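Please read the structure below before turning to the comments.
The values are calculated or read from the model by the stated rules, or taken from the named source; none is laboratory data. Source: prediction; values computed, not measured. FYI the Cβ positions are ideal-geometry reconstructions off the backbone, even for glycines, and counts take in every protein chain you see. The accessibility values were calculated without ligands, DNA or RNA, using every heavy atom of the protein model including side chains. Shrake-Rupley method; radii C 1.70, N 1.55, O 1.52, S 1.80 Å.
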Amino acid sequence: MDRSLLFHIIAAVYHFYILIYPYYYKLDMNHAKGFGGRLKFLTIWGHLIQVAYYIFAALVDLRNSCCGNSCSKLRRARDWYFSTLVFPITFLVFILFWGLFAIDRELVMPKRLDRVIDPSYNHMVHTYIVFWPIVEALVTEISVPQKRQGLIAIAVFSVTYTVWSYIIFLNTGKWVYPILNILSDMQRVVFILVAYVLVVCLFLTTRAYQKKFGRVCVEKKTQ
């Protein structure tokens, strides 16, 4: 079995396990109940993005093993998906969560949740997630998408989640994360703008990392 295919299967299983863990072990996830459910959290969006990506990547690997290992449209779609969403959003979740946790954990994950969420599971959800995109760029040939396309995709995703968070606020009277509830309107806007800038920087970092360390796929020009 191709190492890229094996890696994609393991990664897909890992992220799928994270998603079903609370249901399998019947955790009392009161903080995730109500309007929006678990989908209110950016972390869950990140894991859904990764599950979909690694399943799609595994299918692309199977297709390539049967029809040739060329830079097809499917591969370009996979590479675009990885560079614009998987890598940047994964690191955004990691940086925001542990950054706020280091300042004051009550801003992002109140201590009372320790009774529900095991520390090892918390690390699976918020720490070990960065391992997968880092290794993905090393084991899989990935073409670097155009910067403009990536920035547009990042902007659409960021605005979509922001609007979704506001819809949740309108329906519940509370913001998804505790830090947003204690900030003033202006501070909240600044916080969101900083997050926007951060995810753009992460997208640019993705491109630089791929070019420096990754197995970049070079498409052959037709004569």
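Couple of notes before you dig in:
- Take the conditions (1) open to solvent by 70 Å² or more (accessible area, probe 1.4 Å); (2) touching a Ser or Thr at 6+ places or on another chain (Cβ under 6 Å); (3) not basic (Lys, Arg); Val93 misses just one of them, which is (1).
- For Leu138, the conditions (1) open to solvent by 60 Å² or more (accessible area, probe 1.4 Å); (2) in contact (Cβ under 8 Å) with a residue 24 or more places away in the chain; (3) more than 25 Å from Leu6 (Cα to Cα); (4) not aromatic (Phe, Trp, Tyr) all hold with the exception of (3).
Conditions (1) touching a residue at least 12 places away in the same chain (Cβ under 8 Å); (2) part of a helix (DSSP H, G or I); (3) more than 24 Å from Val200 (Cβ to Cβ); (4) open to solvent by less than 30 Å² (accessible area, probe 1.4 Å), marked per residue:
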{"site": "Arg63", "(1), (2), (3), (4)": "no, yes, yes, no"}
{"site": "Arg76", "(1), (2), (3), (4)": "yes, yes, no, no"}
{"site": "Ile89", "(1), (2), (3), (4)": "yes, yes, no, yes"}
{"site": "Asp114", "(1), (2), (3), (4)": "no, yes, yes, no"}
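- Among (1) of a type in the set (A, V, I, L, M, F, W, C); (2) touching a Leu at 6+ places or on another chain (Cβ under 6 Å); (3) surrounded by fewer than 11 Cβ atoms within 10 Å (Cβ to Cβ), the one test that Val199 misses: (3)
- Taking (1) open to solvent by less than 40 Å² (accessible area, probe 1.4 Å); (2) touching a Pro at 6+ places or on another chain (Cβ under 8 Å) in turn, Glu106 satisfies each apart from (1).
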